[in-house]
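K.L.:
My structure is below; once you've seen it, I'll send some questions.
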Amino acid sequence: MKRAASLSQLLLSVAAAVPLVLGTLPARAADVTLTYAFFAPAGTFPGRQMSHWAEELKKRTNGKVEVKLFPGGTLLNARDIYDGVSKGVADIGLGSPSYDPGRFPLTSGMAMPLGFPNAVVASQTLWAITKEFKPKEYEGYKIIAMFTGEPGYIQSRAPVRSAADIAGMKLRAAGTGVPVLKALGAAPVGMPMPEVPQAVQTRVIDGTMTSREVLQDFRLAESLKFVTDYPSVIVAFAAVMDQKRWDGLPADVKKVIDELADEMPVWTGKYHDQQNVGGAMAWAQQTHKLQVVSLTPAEKTAWDNKLAPMVSDWITEMNAKGLPATRYIERAKALRDQFAAGK
Ligand code: DTR
């Protein structure tokens, strides 16, 4: 016993001396380790957001927090992200509330055809409106990041130039996009993004409506050669932590996470709008001869008219559920205009 004690004392004093000899601070082991699950690949834009967040958190806490990333559905897939976080399978989960409008009813208002111009404006609006309304649907969770992609575009095997082309076409969207496709006359399917490439290959679907970077990031341009130039609705993303896990974090770590939450909408929106989508479109046009299909002004007006009743129908349905839907849409529009004006 005595010998062992003196040996460990010796090792301790050597360990303590090393940083002095090297003239560096002792490398600190992380005090907090967080696991973070995401359902799609690391190289996609939400995956980039996730690794950027993890790096920033580590940097700003001087190494106090280590985040272990599990992208690509390795820990939780699109359908069980939020339950997985509640059960403690992962400390943090990045999922899409738009995949489950029944569970996230108020947030589904953000996926109404409100004419968001890009991901930066829609992401800022989503975060601001969520802080303002504190929707009950996030009870039990601490939201650590929110953002959206750009409004979705129809990306299809055959060109879609008119309502006649779309009639009966099997098109996929996130859950919140399904009513949009239905209103346009398609045969819509709700499906998480990672299932899309195979569904395209096996011709279960003729195309998808989502942000355009998936043409490259999920290699969809190999089969889907047409994009219809009609921006529709956004898809919302929310990264959450279980509330109790959050409550137990040190105050200084919480402060950095809150600071990052306010930065993520713009960081992610800019990356998506400026590099991700543009790069993917150029690649798809050069490498796979992707074509952008324009709608005639008359056709565009006809599509707008088909979508117009969606907002008031949604308001009626959600008000009936006791949700503040009228005010939610009013604020979404006001925030959209405020952020679009750069304020
Ligand atoms: N817009 C969402 C999905 C989406 C778009 N890009 C990515 C990348 C990784 C995961 C999901 C998405 C949708 O239509 O499902």
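The values are calculated or read from the model by the stated rules, or taken from the named source; none is laboratory data. Since the model is a prediction, treat every value here as computed from it, not as a measurement. Note that each Cβ is placed from the backbone with ideal geometry, even for glycine, and that neighbours are counted across all protein chains shown.
K.L.:
When you scan the range 181-220, how many residues do you find that are small (Gly, Ala, Ser), within 14 Å of the ligand (Cβ to nearest atom) and more than 19 Å from Gly47 (Cβ to Cβ)? Working first, answer last.
P.N.:
At the first step, the residues of the range 181-220 found to be small (Gly, Ala, Ser) are 183, 185-187, 190, 199, 207, 211.
Next cut, within 14 Å of the ligand (Cβ to nearest atom) only: 190, 199, 207, 211.
The next check asks that each one be more than 19 Å from Gly47 (Cβ to Cβ); those that pass are 190, 199, 207.
Qualifying residue count, the range 181-220: 3.
K.L.:
Considering the range 135-161 alone, what residues qualify as being in a helix (DSSP H, G or I) and either in contact (Cβ under 8 Å) with a residue 40 or more places away in the chain or within 14 Å of the ligand (Cβ to nearest atom) (or both)?
P.N.:
Step one: list which residues in the range 135-161 are in a helix (DSSP H, G or I), which gives 136-138.
Listed by number, the residues that qualify are Glu137, Tyr138.
K.L.:
How many residues does the range 153-182 contain that are out of contact with any Gly (no Cβ under 9 Å at 6 or more places or on another chain) and among the small types (Gly, Ala, Ser)? Break it down into steps so the answer makes sense when it comes.
P.N.:
First, pick out the residues of the range 153-182 that are out of contact with any Gly (no Cβ under 9 Å at 6 or more places or on another chain): 153, 159, 161-162, 165, 179, 181-182.
So of that shortlist, the ones also among the small types (Gly, Ala, Ser) come out as 162.
Matching residues across the range 153-182 total 1.
K.L.:
Here is a further query. How about the range 112-134: which of its residues are touching a residue at least 12 places away in the same chain (Cβ under 8 Å), surrounded by fewer than 24 Cβ atoms within 10 Å (Cβ to Cβ), not hydrophobic (A, V, I, L, M, F, W, C) and not in a loop (DSSP other than H, G, I, E, B)?
P.N.:
Selection gives Gln124, Thr130, Glu132.
K.L.:
Within the range 96-119, identify whether any single residue is closer than 19 Å to Met50 by Cα, of a type in the set (Val, Ile, Thr) and assigned by TED's automatic domain parsing to the domain that holds Met264, and answer yes or no.
P.N.:
No, the range 96-119 contains no residue that is closer than 19 Å to Met50 by Cα, of a type in the set (Val, Ile, Thr) and assigned by TED's automatic domain parsing to the domain that holds Met264.
K.L.:
May I ask you to verify whether Arg161 is touching a Ser or Thr at 6+ places or on another chain (Cβ under 9 Å) and basic (Lys, Arg)? Before the answer, list the steps.
P.N.:
On the way: touching a Ser or Thr at 6+ places or on another chain (Cβ under 9 Å): yes; basic (Lys, Arg): yes.
Yes; evaluated as a whole, the condition is true for this residue.
K.L.:
Continuing with the same structure: Would you pick out the residues in the range 272-321 that are within 18 Å of Gly177 (Cα to Cα), aliphatic (A, V, I, L, M) and under 25 Å from the mean Cα position of the chain (by Cα)?
P.N.:
Hits for the range 272-321 are Leu307, Met310, Val311, Ile315, Met318.
K.L.:
For Asp83, all conditions in the list (1) at pLDDT 95 or above; (2) in contact with a Lys or Arg (Cβ under 9 Å, 6 or more places away or on another chain); (3) surrounded by fewer than 18 Cβ atoms within 10 Å (Cβ to Cβ) hold save one; what is the number of the exception?
P.N.:
(2)
K.L.:
Kindly indicate the residue of the range 162-180 that is closer than 21 Å to Pro41 by Cα and of a type in the set (A, V, I, L, M) and also nearest to the ligand (Cβ to nearest atom) among those meeting that condition. Outline the logic, then answer.
P.N.:
Filtering the range 162-180 for residues closer than 21 Å to Pro41 by Cα gives 172-175.
Restricting the remaining residues to those that are of a type in the set (A, V, I, L, M) gives 173-174.
On the way: Ala173: 6, Ala174: 4 Å.
Looking at residues that are closer than 21 Å to Pro41 by Cα and of a type in the set (A, V, I, L, M), I get Ala174.
K.L.:
Given the structure, is Val89 more than 23 Å from Leu290 (Cβ to Cβ), more than 13 Å from the chain's Cα centre (by Cα) and buried (at least 23 other Cβ atoms within 10 Å of the Cβ)? Quick ask: steps written out before the conclusion?
P.N.:
Values: more than 23 Å from Leu290 (Cβ to Cβ): yes; more than 13 Å from the chain's Cα centre (by Cα): yes; buried (at least 23 other Cβ atoms within 10 Å of the Cβ): no.
Criteria not met by Val89.
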